[in-house]
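First comes the structure, then the notes that go with it.
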Amino acid sequence: MPGSASTTHRPEGLIQRLRSAAADGGEAKLKVLRDLKNQIIGNRTKKLSYIKLGAVPFVVSILSSSSFSSDSILVQCAATIGSFACGVDSGVKAVLDAGAFVHLVNLLSHSNEKVVDAGARALKMIYQSKVAPKYDFFQEKNMEFLTSLLDKNNENLTALGASIITHSCETNDEQKILGDAGTLKRLINLLEGTTSQRDASLEAFATIIKQNPQVISEFVGPENGRTWGTLIELTKDKYPRTRLLACTCLILIKNAAPSYLQSVGIRTKLILILLELIDDSGQVGDEALFTLSSFIADEESLQKSAFEANTIDRLCDHMQKESLQPKRLEGMLMILANLCSNLECSRSVLLESPKTISIITDALSHATVDVRVAACMCLKNISRSVKYLSAGHFMTEAVIIPLIQLLDDTSTSVQVAALRTISNLVIDFTMHKSLFVQNGGVKQLVELSKSMDSRVRLNAVWALRNLMFLVDSRCKEGIFLELRALSLTSLVSDPSACVQEHALGLICNLVNGSLDSIDYVFTEDALLLNAVGRQLRNASKPEVLIQGMYVLCNVASGKEFQKEAVMHQILPDSSNGDTQSIMVTMLQSEVAQLRTAAVWTIVNLTIPTGAGALARVVKLRNAGIVSQLKNMANDPCLDVKLRVRTALGQSMIFGDFST
Amino acid sequence: MPVRMVESPTPSTSSGANPGQTCLQPCSLLSVGQTFSGTQNVSSPQKEEAWRVNVRIQGCDLNHGYLCGTMEALNVPMADTPVVTFWEGEIVDTKNYTFFTNKWKATSEVDIDHWTKFPSFSPLLSQVEVDGGKSLDLSNYQYIFMRWKEQYFVNVGSDCGLTIAGFYYVCFSCVDGSINGYYYDPNSSPFQKLELKTTNEGRSGFSFSSYELQ
């Protein structure tokens with residue numbers, strides 16, 4: 001028969017004992033503190049329950065009133081407070097609210113080393129939480145205190161010093177002041193200490209060098225042989241966390257100062273170490289995933305090394321065998337995304353594993369925002385392959401439908417990530433774009449192209465532009481009816497130049513293809529054509545002008561009246577006080593692509609078979625465009641030079657009016 | 001006032017530390033979305049025959065000397081429908097690729113035999129014989145040389161009775177967008193000629209389209 005639990009060990013009972021402990025003798029205090037500590041150690045639920053019952057202020061009051069009591073009580077108080085603060089933000093908050101901080105700091109100067117240790121450990125727990133107060137490195141006395149901690153011959157005090165740095169150092173100025181105060185050198189010395197000293201120092205070291213090439217060049221780098229050698233050595237340490245942190249430091253050095261870590265051997269070794277650490281099922285494994293992902297993110301050669309180290313197979317193995325925690329799944333998807341950002345071989349390997357592809361597409365509907373974003377990124381990068389886009393690998397219901405659903409996601413980051421993926425997938429060359437249209441994709445894109453968020457607007461327009469590329473006439477009509485000329489006109493003059501660029505690219509694709517397509521820019525009194533002309537007169541960004549000029553070029557490849565409409569757009573409008581044709585400005589641009597687009601437009605306008613060709617040539621000549629072309633006969637860009645030759649040849653068929 | 005144009009018919013031989021390491025300049029007629037049509041002569045000693053062919057450029061990455069697209073053969077005798085294949089191209093830019101194929105069963109002799117079929121190749125021959133053209137600067141040359149290798153059938157199964165084992169030696173003219181090519185497959189009739197011209201879908205001029213991958 002089970003006996004009844006002792007009431008003194010129930011939370012309420014313990015609280016009662018704590019309440020009266022202040023007046024009790026030392027032994028009673030010690031016992032209740034021990035009982036409390038034993039209950040909450042490693043038990044999050046109990047910690048939260050005691051915090052709710054107000055236990056923390058009682059413990060702090062015992063600490064504050066115990067300056068003359070036994071060292072054991074001080075140790076127990078500090079240990080209990082540290083335990084409340086360990087891994088629970090609300091615990092840290094309760095400890096800080098109860099005013100424990102100053103009492104714990106006082107313990108650091110106690111004569112009994114055990115008391116000092118307990119105080120340092122508790123403060124370290126506090127500094128491991130993001131709710132801990134930020135340490136002000138710019139106050140001289142604070143820096144002195146921090147330096148004194150790092151100089152102590154006490155493992156807990158040095159680890160506390162390192163934790164303060166890891167928690168509070170955020171800006172370049174803070175990194176600099178810590179570097180100048182010799183902190184890095186002290187941390188480097190600590191790398192030869194105990195495991196906890198090493199790990200705490202590595203973390204603090206990483207914080208100080210992060211994205212700061214100046215600090216790195218002064219204190220680290222291969223020329224500082226000892227540090228470099230120690231870090232390399234620590235990548236082989238027997239403790240996984242130490243190996244991970246050493247890798248992190250080396251990668252941070254490489255990211256901030258790419259000239260370091262050039263050795264292919266070390267780079268490959270780091271990838272292999274991180275891959276091995278991924279097998280760790282705890283926090284180290286999770287962090288290793290993100291460290292590897294950031295390591296390879298921006299460098300194709302590193303992606304290649306990771307590919308050659310069978311990263312994809314290893315990750316696929318994990319993904320297929322285990323049910324993964326969201327953080328782990330996100331990390332794996334990010335690595336796969338980075339491996340596929342440039343390498344066709346990575347995309348091929350993944351696409352040959354239908355099981356993994358299905359895990360990735362399933363992750364599009366995952367409950368966690370970051371996983372959904374990572375799944376989108378992964379699919380986006382896999383679909384950068386024109387080879388697989390041409391094979392129609394992605395335009396399937398299994399991929400397209402969940403992506404379209406994500407356009408309604410409550411998170412803007414997910415919406416943007418989905419739009420970016422869709423903008424690749426809809427390039428699809430297999431003429432299956434209708435699948436996207438039939439599933440309501442266009443309606444959604446058009447809606448999002450009106451978003452107040454410029455990132456959403458940009459990526460929606462981008463997707464519409466790519467969807468419009470080589471689309472069949474029926475789909476084209478459907479997209480245009482949904483979009484309407486008026487909305488497109490406002491996108492052409494959007495406040496964001498990037499949106500303008502893609503809106504013009506969209507119109508360029510709209511009027512490409514069958515001859516009838518050109519009619520779209522003439523609907524509603526040539527609303528779109530006029531908007532394009534206006535943008536060409538007002539915009540300054542070359543990318544916008546290039547797209548706008550190609551719209552005119554495509555329209556100028558149409559019927560006579562369409563060519564005349566283009567002439568109207570490019571010739572100076574005296575009623576507006578224009579004296580120079582925008583065409584002359586474009587032809588004089590320093591950007592070869594813009595000159596090319598402009599010359600192509602003239603080529604189309606001067607094709608001699610047209611009834612109005614002669615009149616157009618005369619107008620172009622009078623506007624100074626032909627003489628500008630003659631100045632470009634030896635243009636440094638071969639493409640421009642060849643088109644100029646064609647345009648001049650065509651205009652001279654009608655005679656050289658200059659003679 | 002007519003002006004004299006500076007002709008640059010012959011590419012220079014680069015000197016210095018990085019010979020022939022310049023990417024080719026983009027050519028708008030060889031950009032994504034551009035289409036070409038013409039014929040491939042598949043005559044054998046027994047029979048004169050030519051297939052109508054359409055080509056569309058789908059991807060272009062000059063930095064990596066990469067081009068890809070589809071090729072549609074229209075009146076293939078043993079097929080009920082036009083046969084579409086996807087091909088990938090190596091652009092001979094002397095940085096990513098030289099005139100020597102070094103694969104696909106093509107020796108340097110086979111390479112030279114095919115390249116010399118193009119008149120625009122003759123100024124390059126002597127240097128190509130030395131180093132495959134590695135030291136040539138082709139960035140301002142009016143012709144772009146490529147190898148196109150079909151990778152898969154797009155609309156029919158690989159059991160359709162046709163082969164894509166060989167590859168094309170291709171010469172593209174930046175001047176007018178015309179394409180000439182020769183198919184090489186040790187098991188097929190030699191020197192099947194591909195002749196394509198840029199198309200304009202009934203337009204009175206040139207039209208362009210584009211996409212941008214993210």
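What follows draws every value from the coordinates through simple rules; no lab data is involved. All values reported here derive from a predicted model rather than from experimental measurement. Positions of Cβ are backbone-derived with ideal geometry, glycine not excepted, and every protein chain shown enters the neighbour counts.
Set the Förster radius R0 to 51 Å, insert the Cβ-Cβ distance between A:Cys345 and A:Thr45 as r into 1/(1 + (r/R0)^6), and round the FRET efficiency to 0.05.
0.55
Give me the percent of DSSP beta bridges within the protein assembly as shown that run antiparallel, rounded to the nearest 5. Walk me through the numbers before you get to the answer.
On the way: 54 of 54 bridges.
Bridges in the protein assembly as shown that DSSP calls antiparallel: roughly 100 percent.
Stretch B:Asp176-B:Ser188 to full length: gain in nm at 0.36 nm per residue minus the Cα-Cα span?
That works out to 1.3 nm of additional length.
Report relative contact order for chain A in percent, whole number only (criteria: Cα-Cα under 8 Å, sequence separation at least 6).
Relative contact order, chain A: 5 percent.
How many percent of all Cα-Cα pairs in the range A:17-119 sit more than 17 Å apart?
45 percent
Using only the alpha carbons, work out the radius of gyration and Dmax of the range A:278-411 in angstrom.
14.0, 41
Largest first and in whole Å, give the semi-axes of the range B:34-198's equivalent ellipsoid, each being the square root of 5 times a Cα gyration tensor eigenvalue.
26, 17, 15
Provide B:Tyr182, A:Tyr239, A:Tyr135 in ascending order of the number of other Cβ atoms located within 10 Å of each residue's Cβ, fewest first.
Ascending Cβ contact count within 10 Å gives the list A:Tyr239, A:Tyr135, B:Tyr182.
Looking only at the range A:166-194, which residues have a backbone nitrogen under 20 Å from a spot 7 Å from the Cα of A:Glu233 in the C-beta direction?
Backbone N within reach: A:184-194.
For A:Ser413 and A:Ser358, what does the FRET efficiency come to when R0 = 25 Å and r is the distance between their Cβ atoms, rounded to the nearest 0.05?
The value I calculate is 0.60.
My understanding is that a pair violates if its Cα-Cα distance is over 28 Å; which of A:Lys563/A:Lys630; A:Lys114/A:Lys176; A:Lys185/A:Lys238; A:Lys47/A:Lys124; A:Lys124/A:Lys210; A:Lys630/B:Lys95 do that in this structure?
A:Lys114/A:Lys176; A:Lys630/B:Lys95, as the Cα separations exceed 28 Å there.
Filter the trypsin sites (Lys or Arg not before Pro) in the range B:29-72 down to the DSSP loop ones having no more than 15 other Cβ atoms within 10 Å, then list what survives.
B:Lys47
In percent, what relative contact order does the range A:549-608 have, based on Cα pairs under 8 Å that are 6 or more apart in sequence?
Numbers: 53 pairs, mean separation 25.0, N = 60.
Relative CO of the range A:549-608 lands at 42 percent.
When only alpha-carbon atoms are used, what values of Rg and Dmax, in angstrom, describe chain A?
Reported Rg and Dmax, both Å: 34.0, 120.
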